[in-house]
2 protein chains.
Amino acid sequence: MKPKALLFDVFGTVVNWRSGLIRDLQTHFTRYPSRLDPAIVADAWRAEYQPSMTPIRDGTRPFTKLDVLHRENLLKIGADLQFDLGTDADTDWLVQAWHRLPAWPDSVSGINTLKESTICASQSNGHIALSVNLARYNGFSWDAILGSEVVGTYKPAPRSYIGACDALGLSPNECMMVAAHNADLAAARQCGLQTAFIQRPTEYGPNQTTDLKAEDNWSIVARDLLDLVAHLT
Amino acid sequence: MKPKALLFDVFGTVVNWRSGLIRDLQTHFTRYPSRLDPAIVADAWRAEYQPSMTPIRDGTRPFTKLDVLHRENLLKIGADLQFDLGTDADTDWLVQAWHRLPAWPDSVSGINTLKESTICASQSNGHIALSVNLARYNGFSWDAILGSEVVGTYKPAPRSYIGACDALGLSPNECMMVAAHNADLAAARQCGLQTAFIQRPTEYGPNQTTDLKAEDNWSIVARDLLDLVAHLT
């Protein structure tokens with residue numbers, strides 16, 4: 001059954017968070033010189049991302065937007081790796097790097113084409129402001145932004161997927177989760193959604209070891225979003 | 001100050017709910033003949049709209065999506081005016097008329113042009129599914145859908161406007177409420193938003209008596225959304 005809605009993971013699947021963070025950390029280090037490799041800092045920052053959402057997923061911390069978590073995580077790695085975060089405004093500017101991450105080369109064309117025939121929604125852990133800014137920065141737009149605030153929790157909590165389908169007035173099997181991460185798809189399938197795996201073998205840089213390939217028989221396995229267009233038409 | 005985001009009222013301001021309801025009631029009456037004028041039925045249905053949201057605004061009823069309220073209101077006027085609603089599926093089809101209301105002639109071009117330079121978000125009492133369907137039916141899309149579910153209440157509750165600005169990460173004075181209704185704008189101004197009045201003198205049909213003109217010194221008064229483009233550029 002052709003899905004009525006595609007729910008997109010964003011960080012890694014639609015945008016290249018690593019190159020965006022490296023770019024803005026490089027700029028920061030021209031103002032506040034450091035011997036650190038910006039790629040090491042980007043990876044350290046991203047490594048704090050999943051653990052920082054755990055208390056929200058398990059209900060021990062109230063829902064908190066990613067801007068707040070990204071800032072807390074940045075302060076932590078600044079202290080751990082001992083680099084100068086500059087003024088409060090400089091720190092805010094770095095946190096906002098997550099609002100201006102570049103799309104993968106196929107993403108804008110892929111989403112705009114898919115949107116012609118199918119509802120395309122962001123099902124990211126990014127909050128609404130971040131999701132709007134990422135979309136406008138790159139030149140696409142979503143039919144709806146469904147992650148985090150709308151459902152009040154973070155993936156892979158089941159309520160996140162179920163709540164997103166419900167917000168569209170669709171049943172889970174009418175929706176397809178689109179992600180470059182096997183765990184995200186496994187959680188979505190558990191909730192009854194169709195699944196599309198997108199190969200992003202350099203999301204974590206040249207030495208990526210995880211999510212290099214589909215690890216289950218997902219409904220679709222695609223090289224990129226243009227290949228997903230081909231699979232769905 | 002030029003607004004960073006435009007928050008649009010939808011029913012009446014962007015779409016012509018009356019002509020859409022009349023069209024679908026006419027179709028319904030070809031299947032279930034009635035002597036009633038579809039325009040009378042449309043107006044009676046719409047007249048139940050505001051009162052049905054009151055218990056949600058004042059907190060005596062939990063948040064309930066418009067599809068449910070529209071269905072309850074339709075059953076009520078069906079009984080009052082004594083017309084045949086047909087099967088459950090026929091009733092659902094009528095309720096879904098609110099998902100396929102036609103845009104005013106200037107709306108699609110206006111929104112698509114405004115979106116090039118400014119965030120354009122739906123700030124409607126319509127829920128996400130309805131808002132997505134209305135946008136796709138007419139051929140535009142929002143940067144974000146902010147009304148009802150995101151804020152958990154209905155306009156003109158202050159939390160509705162404040163919550164929408166907050167979801168975009170903007171302060172109220174960076175946002176402009178765009179509406180054909182003076183009361184909506186008054187409530188938005190009370191929360192600190194800028195205001196744009198759009199003239200829709202036939203929203204309620206040829207004998208409209210309310211909202212024929214701006215009743216306060218709103219930031220902008222525009223003939224339609226293309227005129228709003230001219231005011232903002």
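The values are calculated or read from the model by the stated rules, or taken from the named source; none is laboratory data. Keep in mind the model is a prediction, meaning the values are calculated, not measured. Because the Cβ atoms are built from the backbone with ideal geometry, glycine has one as well, and the counts that use them run over all protein chains shown.
Of the helices (runs of 4 or more DSSP H) that lie entirely inside segment A:11-93, those containing 1 or more residues that are closer than 27 Å to B:LEU168 by Cβ, of a type in the set (Lys, Arg) and under 16 Å from the mean Cα position of the chain (by Cα) span A:17-31, A:38-47. From the list A:VAL229, A:VAL221, the lone residue that is in contact with a helix residue (DSSP H, G or I) (Cβ under 6 Å, 6 or more places away or on another chain) and farther than 17 Å from A:GLY147 by Cα is A:VAL229. Among the residues of segment A:174-181, some residue qualifies, meaning at least one is under 19 Å from B:ASN133 (Cβ atoms), surrounded by fewer than 20 Cβ atoms within 10 Å (Cβ to Cβ), at pLDDT 95 or above and in contact with a helix residue (DSSP H, G or I) (Cβ under 9 Å, 6 or more places away or on another chain).
Residues in segment B:52-90 that are surrounded by fewer than 17 Cβ atoms within 10 Å (Cβ to Cβ) and among the hydroxyl-bearing types (Ser, Thr, Tyr): B:THR54, B:THR60, B:THR64, B:THR87.
Which of the residues spanning segment A:174-233 are under 19 Å from the mean Cα position of the chain (by Cα) and polar (S, T, N, Q)? Of everything in segment A:174-233, those that are under 19 Å from the mean Cα position of the chain (by Cα) and polar (S, T, N, Q) turn out to be A:ASN182, A:GLN194, A:THR195, A:GLN199, A:THR202, A:GLN208, A:THR209, A:THR210. Condition (residue is within 12 Å of chain B (Cβ to nearest Cβ), assigned to a loop (DSSP other than H, G, I, E, B), buried (at least 19 other Cβ atoms within 10 Å of the Cβ) and in contact (Cβ under 8 Å) with a residue 24 or more places away in the chain) applied to segment A:161-172: is it met by at least one residue? Yes, some residue in segment A:161-172 is within 12 Å of chain B (Cβ to nearest Cβ), assigned to a loop (DSSP other than H, G, I, E, B), buried (at least 19 other Cβ atoms within 10 Å of the Cβ) and in contact (Cβ under 8 Å) with a residue 24 or more places away in the chain. Only one entry of B:GLY86, B:GLY78, B:GLY110 meets the criterion of being away from chain A (no Cβ under 12 Å) and on the phi > 0 side of the Ramachandran plot, and that entry is B:GLY86.
Identify, please: which residue in segment B:123-136 is within 10 Å of chain A (Cβ to nearest Cβ) and modelled with pLDDT of 95 or more and is, among those, farthest from B:SER148 (Cα to Cα)? Going through the qualifying residues, I end up with B:ARG136. Within segment A:108-125, residues that are more than 25 Å from A:TYR154 (Cβ to Cβ) reach partners that are among the polar types (S, T, N, Q) and in a helix (DSSP H, G or I) with beta carbons closer than 8 Å, at six or more positions or on different chains, in the pairs A:VAL108/A:ASN138.
Note on segment A:137-160: among residues that are modelled with pLDDT under 95 and assigned to a helix (DSSP H, G or I), the one that is nearest to the chain's Cα centre (by Cα) is A:SER160.
Just one of the numbered conditions (1) farther than 28 Å from B:LEU225 by Cα; (2) in contact with a Gly (Cβ under 7 Å, 6 or more places away or on another chain) is not true of B:VAL108: (1).
Screening B:ASP67 against (1) of a type in the set (Asp, Glu); (2) within 14 Å of chain A (Cβ to nearest Cβ); (3) closer than 30 Å to A:TYR137 by Cα leaves a single unmet condition, (3). Across segment B:91-138, the number of residues qualifying as farther than 14 Å from B:ALA5 by Cα, surrounded by fewer than 18 Cβ atoms within 10 Å (Cβ to Cβ) and small (Gly, Ala, Ser) comes to 1.
Does B:ASP92 satisfy the condition of being within 14 Å of chain A (Cβ to nearest Cβ), farther than 25 Å from B:LEU226 by Cβ and not basic (Lys, Arg)? Yes. Cβ separations smaller than 6 Å between residues 6+ apart or across chains give the following pairs from segment B:143-158 residues that are within 14 Å of another protein chain (Cβ to nearest Cβ) and of a type outside the set (Gly, Ala, Ser) to residues that are buried (at least 20 other Cβ atoms within 10 Å of the Cβ) and in a loop (DSSP other than H, G, I, E, B): B:ASP143/A:SER141; B:LEU146/B:GLN123; B:GLU149/B:HIS127. Would you confirm, using the coordinates I've provided, whether A:ILE22 is at pLDDT 95 or above, among the β-branched types (Val, Ile, Thr) and in the same structural domain as A:ALA222 (by TED's automatic domain parsing)? The answer is no for A:ILE22.
Scanning segment B:32-51 for residues that are among the hydroxyl-bearing types (Ser, Thr, Tyr) and more than 11 Å from B:LEU81 (Cβ to Cβ), which turns out surrounded by the fewest Cβ atoms within 10 Å (Cβ to Cβ)?
B:TYR32
Scanning segment A:193-223 for residues that are among the acidic types (Asp, Glu) and buried (at least 18 other Cβ atoms within 10 Å of the Cβ) yields A:GLU203, A:ASP211. Read through the list (1) touching a Lys or Arg at 6+ places or on another chain (Cβ under 8 Å); (2) over 26 Å from A:CYS175 (Cα atoms), then give the number of the only condition that A:GLN123 fails. A:GLN123 satisfies all of (1) touching a Lys or Arg at 6+ places or on another chain (Cβ under 8 Å); (2) over 26 Å from A:CYS175 (Cα atoms) except (2).
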